[in-house]
Each structure stands twice: as C-alpha cells, then as structure tokens.
Amino acid sequence: MWVDVIVEDVLKTRPQDRYVINDAKSPSGPIHVGSLRGVVLHDCILRGLAAADRPARFLFGFDDYDPMDSRPVAAPAEFDQYLGMPLSEVPSPAGGRGSFGRYYGLEFIEVWKHVGAHPEVYWTSEMYKSGKFNETIRTALDRAEDLIQIDREISGSQKADRHPVQPVCEHCGRVGTTVVVGWDGHQVEYECRPDKVTWAKGCGHRGKRSPFDGGSKLQYKAEWAAKWRILGVTIEGAGKDHMTKGGSHDVASAMVERIFNHPTPYPIPYEWFLVGGRKMSTSTGIGVPAAELVAILREELARFLMVRPHYRQQINFDPTGETIPNLYDEYDRAAAAFFGELEGKTPAETDLIRDHSRTFYYSRTNGEQPRCIRMRFAKVANLMQMPTVNLFDVAAKEKGAPLTAQDRSELQQRMEDARRWLGSYAPDHYRFQVQSSMPRVELSPMQREFLGQLAAVVAQQEWSGEELHNRIHDLKSQIGLKPKDAFSAIYLAFLGKDSGPQAGWLLASLDRAFVLARLRQASTAGVRGPFDSAQGRPGSEVR
Ligand SMILES: [Zn+2]
C-alpha cells in the first residue's frame, strides 16, 4: 500500500522527532476535486505517522494574499475591478463581511471534513499582516538578485526576471501589478504598472512604503520557499504540474536551501484527479468542484476513490456507467479484507488482501469502522425498485440473523445512495418500473409459449426469488429457448423493456395473482407486431 511505503521511506530517510506536513491552495474560486486529492494524501501520511508513533501536524494554508488573476465564472462581472488585488481584500461573492478568498476557503474546509481530514488552517494574508513573513521579506529584498538568478538557472528561462517581492499599491490596492524599483533597508520604492500583467491594469502610481506587516507579498516561488522555512515544513506533496524538472518546486527548493537555510521538505509528486477526463482548473470553472464530488459519493467512498489508486496514477472519475457499482464492490472487498473475511490461497493473494485491508484503513473517515453486513450496491438498487420487497428482511435472511443497528444504518445509507444514483447517473438498464397494464411489446410464439408454461409454474406454489430463478432456467432449457430470449420475454411483459434485474427476484417480489394474470395475458394475447411470424422474432440483447 503506497501510504505505508511513503511513511516507511520518510522515517528512514528523514528521521525526526516530529513532522510538519503542509498543503496549500490559492482560494481563487470554487476549489476542485484535484485539490481534495492532495488533502486526502497528506491526511493519510499523517495517519501513517501517527500509527508509527511519530507526532505530526498537518497544516493547510489558503494563499489568500495572492492577487485575483481571473474572475471565476460564478462571480458577477463587476468583480473585474478587483483583478490584481489580494484575494483577502476582494469582497465575498456572497456579500457580507468575509473576503473572496475566505469564502472559497471556508467552502473547501466543509468538503474536507466530509472525507475525514482535519488539517490546521492558516491564511497567508494573516501571516503577512502579523509580520510572520517580515524576516523572509527582508532577506528577499537584500538578496533579490540571487533569487532572480536561482529562478533563471533552475527554470532555464531568461524571462524569469520577476523581483521576489511585490508591494501592495497604496493608491489602488493591487499587488499583482507592482514592481520594486528601490530598497533602502526600510522602505521599498515601487511602481504600479498598467502593463505589467495582461490580466490586471495597474494605476500608474509610484511610491515608497514599508514592505513589512502586509505591505508586500513574496512572489509565489519565493513565498513557497519562505513558508517552508517559517512553518518548519518537513513533508509536502504537490500536483505533478508543480513537480516538473525546472518547475516551481525545483525553483522553490533551490531558494529555500540556498537563501532561506532550510531543507526542502520530503516531496510527494501526485497525479491528476480528472472528472470525465478533463484536468480541473479552479479559475476557468472547468471541472467539478470538490463539493459536488461529496454530493455524488458518500464520504467513505469519496475518500476510498482517492486512497485506492497509487498516488502517481491518474484518477479519471466518471460517475456514469458502471463506475459507482464497481467502486462500491471494490470498497466492499477492501472492507472484507480489513475485517479478516478473506483468505489468500497463494502468497500473491495474501499480499493483495493485505493491500486491500490497508486501503480500507486509510479510507476510513472517522475512527473505528463497525463491522456490518454490506449488501451489494447493484442488488440494493435493483431490489429497491421492486414493489413489496423489504430490504431489511432480505438482508436479515441473507445474514441468517437479526440485523444490528450498524447493519441497518449501513443498509439505509446504501439505499439513499442507490436512490440518488438511480435518479442521476445510473445507466438505463438499471432503472425499471413494473407496468400496471400489459405493455405494447412484440413477443415471438416461443416466448409466449415460455411465458405460458411459466404461468403454470407460478400457479403451483409461492416461490422464493432464487427458486423461481432456477425454475426459469429449467423451463427455458426444456423449451429450447435462448436465455436472453427467455429473460427478455419476462422483462418485456412486466417492464416494457428488454432488460432488467434478476427475473426470479422480480417476479417473486410482485403480487402472485398479478404475476399470473400478466403471464397468461402475455402468453395468449401478447400484442402482435410485424415480426410475429412462424419463425418468431429474435429476442433483444439482455445487457
Ligand atoms: Zn496601483
């Protein structure tokens, strides 16, 4: 399991009494699921270190002194006037006292609580204003040429000539548009340039001010390096876009080691989290906000989705198709491994079960996970749509014992998930509705013969779903009907479509008199269509 591998490597290569794990995000709009992967990854490392008796802190910073460099689609057009200002100084899109950065930061905090992560939050605007950056700002001003040189050398770009300090313009409040033109050890001289960046227009002011206590911010690579030093960060992963050779992580690493005298934290470069195949970007509004993911998936599953794959493997989550039933099945397998319900026959199988078990351990969203029955999600979705079926009764029968409170709440959760899924992402073949009158469908003579004989079977006695399932198989073999033709005959007669849930269960769940009447009607007076010839119509595919 990849978390265990990382934790073991950290303990071996960076032996320390205590660790500081850091993650950060600029709250420039709705924060997308890609950032949630980072939170879960760091939270897993924290959990792994705690299990190894190594105290660690997990910090999460909202970089809200960053300038607003584009307007999120959700924000009104009048917000364009704030482009270039620190996110902490732009009003909240929802009105009220909070800032723009605070609004989206708090929204993200709500999301990570759902997946069981509880990092300590800090806001860089507060760090700047309270003077925590002062020492590094002084160093950056004194050694500005060295920092620019490092950026050029590591990134290989001659265009890397940005001064590491950006004063806040006293006239217009922008920080993205200013350029340092002098430094006397107390004050910076700066210009607020209309043409410094394409996404914001400086006011043209030229002035002198103290760069300390919120009077300026560090350019982002220098800021990253300074934060490692100020917070004493020892472990920090980042998305692979930051981790390319000569990229921002390489530059920040050289800056922290050569200028700020602190080792580069243990790096963990992780892959994208895509939804429906697209990389997510906070500012362009493409992709799925993290909040939507936790609305689609229950908490444990959302976390499992990010814990299960190796961190260097891309996640491409598409909630349509078979994704959610498959995810549930994998989650159940991991739970079974965790609770010792699986036994490996070969060393390879045993390893795999151990891996599943650790995945479940890191996927838990809160404390002890109770052991309970886990009815397959696809089955829950099917049974829920059958009239008169009580899932609690079915589950108790399957278990062979009365349900515990945990069993009931787990089943209840699955029913809620299934209801939501059936109403949104479930493929059509999972959805069905028993038709109150005989649907207008075409049945071949052989299919009608089959339904007639099935009526005779149903008339004999009350059958359980499984018994009826076996009788259906016997009957279609006797008649010489292909399985798909036999099952589609039942689905067509009851659901008006050629696919559906397990037919035995379906029929056993319905009122027996109703089933008999429908089978008889379909066998004799099935609506005749153009294919109703002697050869009959080939049955449709049962998916
Ligand atoms: Zn200005």
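The values are calculated or read from the model by the stated rules, or taken from the named source; none is laboratory data. Computed from a prediction, not measured in an experiment: that's the story for all the values here. Every residue, glycine as well, gets a Cβ built from its backbone with ideal geometry; the counts of neighbours run over all protein chains shown. Just so you know, the surface numbers come from the protein's heavy atoms only, side chains and all, with ligands and any DNA or RNA stripped out. Shrake-Rupley method; radii C 1.70, N 1.55, O 1.52, S 1.80 Å.
Loop-located GluC sites (Glu not before Pro) in the range 433-524 (DSSP state not H, G, I, E or B) with no more than 11 neighbouring Cβ atoms inside 10 Å: Glu462. Please report, to two decimal places, log10 I(q)/I(0) for the range 377-430 at q = 0.22, 0.25, 0.26, 0.29 Å⁻¹ as given by the Debye formula with identical point scatterers on the Cα atoms and no solvent. Relative scattering, expressed as log10 I(q)/I(0), comes to -0.82, -1.00, -1.05, -1.20.
Relative to the Cα centre, the charge distribution of the chain, modelled as +1 at Lys and Arg Cβ and -1 at Asp and Glu Cβ, gives a dipole magnitude of about 760 debye.
Only Cα pairs under 8 Å and 6+ residues apart enter the sum, and on that basis the relative contact order of the range 134-218 stands at 26 percent. For the chain, the extents of the C-alpha atoms along the principal axes are 100, 52, 42 Å, listed from largest to smallest.
In this structure, the amide hydrogen of Ala238, modeled 1.01 Å from its nitrogen in the peptide plane, lies closer than 5 angstrom to those of Ile268, Tyr270, counting only residues at least 5 positions away or on a different chain. The residues of the range 243-386 expose, per residue, 44 Å² of accessible area to a 1.4 Å probe.
A simple charge model with +1 on the Cβ of Lys and Arg, -1 on the Cβ of Asp and Glu and nothing else charged puts the dipole of the range 134-218 at about 380 debye relative to its Cα centre.
State which helices in the chain qualify, where a helix is a whole DSSP H run, it must extend 18 Å or more along its own axis by its Cα atoms, and its mean Kyte-Doolittle hydropathy must be at least 0.0.
Numbers: long enough: 33-51 (27 Å, 1.09); 100-114 (23 Å, -0.32); 323-338 (22 Å, -0.32); 347-363 (24 Å, -1.00); 405-422 (25 Å, -1.73); 445-460 (23 Å, 0.35); 465-479 (21 Å, -1.13); 512-525 (19 Å, 0.24).
In the chain, the long hydrophobic H runs are 33-51, 445-460, 512-525.
Using a probe radius of 1.4 angstrom, the carbon and sulfur fraction of the accessible surface of the chain is 48%.
Would you mind working out the accessible area per residue for the range 134-218, using a 1.4 Å probe, and quoting it in Å²?
Dividing the accessible area of the range 134-218 by its residue count gives 48 Å².
Below 8 Å, C-alpha to C-alpha, sequence gap of six or more: please give me the relative contact order for the range 445-525 in percent. That works out to 47 percent.
When the C-alpha to C-alpha distance is required to be over 29 Å, the pairs from Lys113/Lys345; Lys12/Lys227; Lys379/Lys482; Lys159/Lys208 that qualify are Lys113/Lys345. Each pair of Cα atoms in the range 336-494 enters the Kirkwood radius, and Stokes-Einstein at 37 °C and 0.692 mPa s then converts it into a translational diffusion coefficient of 171 µm²/s. For His205, the residues whose amide H sits under 5 Å from its own are Cys192, ignoring neighbours fewer than 5 places away on the same chain, with H placed 1.01 Å from N.
Grouping the Cα pair distances of the range 134-218 into 5 Å bins from zero gives a pair-distance distribution of 3, 16, 25, 24, 19, 11, 2, 0 percent in increasing distance order. By the rule of a C-alpha distance below 14 Å, with chain neighbours fewer than 8 residues away ignored, the aspartates and glutamates paired with Lys397 are Asp407, Glu466. By the rule of a second cysteine Cβ within less than 4.7 angstrom, the chain holds isolated cysteines at Cys44, Cys372. In the chain, a dipole from Cβ-located charges (positive for Lys and Arg, negative for Asp and Glu) runs towards its positive end, and of Gly84, Pro439, Ala486 it is Pro439 whose Cα lies farthest in that direction. For Glu153, Glu299, the ranking by accessible surface with the largest value first comes to Glu153, Glu299, using a 1.4 Å probe. Using the Karplus relation 6.51 cos²θ - 1.76 cosθ + 1.60 with θ = phi - 60°, the per-residue 3J(HN,Hα) values for the range 365-371 come to 9, 7, x, 6, 8, x, 6 Hz, with x marking Gly and Pro. Listed by chain and number, the lysines whose C-alpha is less than 17 Å from the C-alpha of Lys240, apart from same-chain residues fewer than 8 away, are Lys25, Lys221, Lys279.
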